[in-house]
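The values are calculated or read from the model by the stated rules, or taken from the named source; none is laboratory data. Note that this is a predicted model, so its numbers are computed, not measured. In this analysis, Cβ positions are derived from the backbone assuming ideal geometry, glycine residues included, and neighbour counts consider all displayed protein chains.
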């Protein structure tokens, strides 16, 4: 079986956006659990995780990959999801993003 077939058999959740601070963390934990069970090699983890990006997360990934010259596969799953979460995080009062303060 291919890595993708084995991955899909684990029924991984999709990730579209982090609406609460823990959304990305929970999704990362879910993915790491699947990767541990599969014995997934590091080289495939980001590709498999990004396969489950949808909507806003997928659009962010495409822009990120283009900005990095297409070599974005080298970042880790956790970094990808955390970067996305930080970029889109807002305070309860809709203040500026923390990375722009």
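From 57, 49, grab the single residue that is at pLDDT below 95, in contact with a strand residue (DSSP E or B) (Cβ under 9 Å, 6 or more places away or on another chain), surrounded by 14 or more Cβ atoms within 10 Å (Cβ to Cβ) and within 14 Å of residue 7 (Cα to Cα).
49
Among the residues of the stretch 1-22, how many are more than 18 Å from residue 59 (Cα to Cα), within 14 Å of the chain's Cα centre (by Cα) and surrounded by 14 or more Cβ atoms within 10 Å (Cβ to Cβ)?
Count: 1.
Taking the stretch 23-45 only, how many residues are buried (at least 20 other Cβ atoms within 10 Å of the Cβ) and in contact (Cβ under 8 Å) with a residue 60 or more places away in the chain?
1
Please state which of the following conditions residue 26 fails to meet, knowing it meets all the rest: (1) touching a helix residue (DSSP H, G or I) at 6+ places or on another chain (Cβ under 8 Å); (2) modelled with pLDDT of 90 or more; (3) in a helix (DSSP H, G or I).
Going through the list (1) touching a helix residue (DSSP H, G or I) at 6+ places or on another chain (Cβ under 8 Å); (2) modelled with pLDDT of 90 or more; (3) in a helix (DSSP H, G or I), residue 26 breaks only (1).
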